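The values are calculated or read from the model by the stated rules, or taken from the named source; none is laboratory data. These numbers were taken from a predicted model, which means no experiment stands behind them. Here Cβ is always computed from backbone atoms with ideal geometry, including for glycine, and neighbour counts include all displayed protein chains.
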Amino acid sequence: MSAPPSSSAVGAAAVQIHEVVPEERDGRLHANLERPVAGEPAPGFCVPLSGWAIAPDGAHVAIDVSHGRQVLRRLARSIERADIAEAFPDVPGAARAGFSLLLDVLKLPPAFDLRVSGIVGEADPTPIARVRGIRQAFEPLPIDGPAPLTVTTLGRTGSTLMMTLLSVHPAIAAYNPIGYDARPFAYELEAALAMASPASRMRLLDSAGQGEGWWLGRETVSVEALQRLEAPLRELLLGAPVEQQLREAVERAAAFARELSAAQERPDVRYAAEKSGPAHLPRLLRELCADGREIFLVRDFRDVLASMLAFNAKRGFAAFGREQVDDDEQFVRRLAGHVAALAAGWRERRDGALLVRYEELVADPAATLARILDYLELESSASEVAELVERAQALTERTRLQHRTVQETTASTGRWQSDLPEQLQELALELFAEPLEELGYA
């Protein structure tokens, strides 16, 4: 697939559909994805998805749109289709077998591969079609203020220690990482993405049904609703102004980080550090900010699993997503999705990023911090690094018992071998094997 176009490409469509491939399916589902059409211009940063689907026995059918292992949207069939009712007169629900969605792709990688599937009753997804295309990549520009330093990671990876080490350097802002989890760039960018969505932008024209949060327009926007607008108006709603919204959000975040640093009497801050999960935010920050940096903080994912379960037991309630599933095996499978996303992010953005392993961080924080400061092009003399590590360790010592689930840090490496039941060990190894190898674990 060709490289994504830059936002500086004059006249280029924000989204280009390269290929729409129907997929083989069994007799449980009759369906067709009618839009998009390969080569047809897409509106703004969106992909139009419309078609129809029915189960021959009249069973309920929902439509899933996914990217990799992530389900982006699940929608019901609600569009009237007289032609489908005529073709299948004996199938209940055929008269409203249509589906239509204007899918926002700002959160997807510049090169995307969507899968549209039908869910018949409680059965597994039945594939309908795949949609491959590219969205415009944003041109990285300088910002007025500290550049984002994103620590892309999962829970229970030593991120509090990492953020504390970063926060004590005079050129890095990370407000009180032991007591808070400040994320101004995530805050502003997520808010901007919500308001840049088709549902929210359409509220500029139609604000009927006002209520709390009405400007977000939570309902699905159909392809047909956009088609009823003139082309210049479609561009005004979904085109270049959307990119401007994102850039303004980044500038607001940088301004807040600068003002917060000034309030702490730290005038020479170059970076604002914040944690992020392995989703869309690190990618967009790297695209939008010329001076932004990204650190991937990883840990043997089997130890991550063991630590999460132990921390839940210590606090007496489920977290990290364990509360959303029925048992530990389902939790491992859920965690595997986040692990895969983290590894995919490293593959996608490893040029210009830095990989830091938890095991190295806790074994030799001074050497790890020196490597980080070299990557950030900041002062990293041995004496200064030693002083920073001492200050960070003094801060983290106050909350050591609160965060730890083992007595000694050295016992946290390889703990999965004793902490996890054999059944979970085998499942974790099966699901985490490729990411572990890719990120340097035997």
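Taking the options A97, A82, name whichever one is small (G, A, S) and crowded, with 18+ Cβ neighbours inside 10 Å.
Testing whether each residue is small (G, A, S) and crowded, with 18+ Cβ neighbours inside 10 Å leaves just A97.
May I ask you to list pairs of residues, at least six apart or on different chains, whose Cβ atoms are under 8 Å apart, with the first in the range 299-326 being in the same structural domain as R156 (by TED's automatic domain parsing) and farther than 25 Å from V356 by Cβ and the second being among the aliphatic types (A, V, I, L, M) and outside any loop (DSSP other than H, G, I, E, B)?
Pairs that qualify, where the first residue is in the same structural domain as R156 (by TED's automatic domain parsing) and farther than 25 Å from V356 by Cβ and the partner is among the aliphatic types (A, V, I, L, M) and outside any loop (DSSP other than H, G, I, E, B), are R322/M308; R322/L309.
Name the single residue, out of those in the range 164-205 being over 14 Å from E274 (Cα atoms) and of a type in the set (K, R), that is surrounded by the most Cβ atoms within 10 Å (Cβ to Cβ).
If we take residues in the range 164-205 being over 14 Å from E274 (Cα atoms) and of a type in the set (K, R), then R201 is surrounded by the most Cβ atoms within 10 Å (Cβ to Cβ).
Inspect all residues belonging to the range 31-54 and state whether any of them is modelled with pLDDT under 95 and part of a strand (DSSP E or B).
no
Can you tell me which residues in the range 49-86 are more than 18 Å from E219 (Cα to Cα) and either within 24 Å of the chain's Cα centre (by Cα) or among the aromatic types (F, W, Y) (or both)?
Listed by number, the residues that qualify are W52, S66, H67, G68, R69, Q70.
Restricting attention to the range 250-273, does a residue exist that is in a helix (DSSP H, G or I), charged (D, E, K, R) and more than 22 Å from the chain's Cα centre (by Cα)?
Yes, because at least one residue in the range 250-273 is in a helix (DSSP H, G or I), charged (D, E, K, R) and more than 22 Å from the chain's Cα centre (by Cα).
Name the strands (runs of 3 or more DSSP E) wholly within the range 87-197 that hold at least 3 residues that are within 19 Å of the chain's Cα centre (by Cα)? Lay out the reasoning, then the answer.
Details: elements: 98-104, 111-120, 126-135, 147-152.
Passing ranges, in order: 111-120, 126-135, 147-152.
Return yes or no: is F331 part of a helix (DSSP H, G or I), over 15 Å from P435 (Cα atoms) and modelled with pLDDT of 95 or more?
Values: part of a helix (DSSP H, G or I): yes; over 15 Å from P435 (Cα atoms): yes; modelled with pLDDT of 95 or more: yes.
Against the criterion (part of a helix (DSSP H, G or I), over 15 Å from P435 (Cα atoms) and modelled with pLDDT of 95 or more), F331 qualifies.
I'd like the full set of residues that are within 30 Å of W416 (Cα to Cα), hydrophobic (A, V, I, L, M, F, W, C) and touching a helix residue (DSSP H, G or I) at 6+ places or on another chain (Cβ under 8 Å), limited to the range 153-197.
Within the range 153-197, L154, L161, M162, L165, L166, I178 qualify.
What is the one condition in (1) surrounded by fewer than 18 Cβ atoms within 10 Å (Cβ to Cβ); (2) within 24 Å of G68 (Cβ to Cβ); (3) not basic (K, R) that V339 does not satisfy?
(1)
Can you tell me which condition G414 does not meet? The list is (1) closer than 19 Å to L439 by Cβ; (2) in a helix (DSSP H, G or I); (3) at pLDDT below 95, and all the others hold.
The single condition G414 does not satisfy is (2).
Identify all residues within the range 16-33 that are exposed (fewer than 14 other Cβ atoms within 10 Å of the Cβ) and more than 30 Å from F45 (Cβ to Cβ); write none if there are none.
E24, D26, G27
Spot the failing condition for E219; the list is (1) under 23 Å from the mean Cα position of the chain (by Cα); (2) buried (at least 16 other Cβ atoms within 10 Å of the Cβ), and only one is missed.
Result: E219 fails condition (2) only.
What is the one condition in (1) over 19 Å from the mean Cα position of the chain (by Cα); (2) under 30 Å from T164 (Cβ atoms) that L297 does not satisfy?
(1)
Any residue in the range 367-387 that is within 19 Å of E294 (Cβ to Cβ) sitting within a Cβ distance under 8 Å of a residue that is assigned to a helix (DSSP H, G or I) and among the β-branched types (V, I, T)? List the pairs, counting only those 6 or more apart or interchain.
Within 8 Å, the pairs are L369/V385; L369/V389; A370/V385; L373/V385.
Mind listing just one residue for me: the one in the range 260-294 that is modelled with pLDDT of 95 or more and either of a type in the set (D, E) or not assigned by TED's automatic domain parsing to the domain that holds P177 (or both) and, of those, surrounded by the most Cβ atoms within 10 Å (Cβ to Cβ)?
Start the filter on the range 260-294 by keeping residues that are modelled with pLDDT of 95 or more, which leaves 269-278, 280-294.
Next cut, either of a type in the set (D, E) or not assigned by TED's automatic domain parsing to the domain that holds P177 (or both) only: 274, 287, 291, 294.
Details: E274: 26, E287: 21, D291: 14, E294: 23.
So the residue we want is E274.
Listed here are the residues, each with its yes/no results for (1) under 16 Å from N32 (Cα atoms); (2) touching an Asp or Glu at 6+ places or on another chain (Cβ under 9 Å).
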site	(1), (2)
S66	no, no
A76	yes, no
I79	yes, yes
I84	yes, no
D90	no, no
A95	yes, yes
G98	yes, yes
L102	no, no
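Out of the range 58-74, which residues are surrounded by fewer than 16 Cβ atoms within 10 Å (Cβ to Cβ) and not small (G, A, S)?
Of everything in the range 58-74, those that are surrounded by fewer than 16 Cβ atoms within 10 Å (Cβ to Cβ) and not small (G, A, S) turn out to be H60, R69, Q70, V71, R73, R74.
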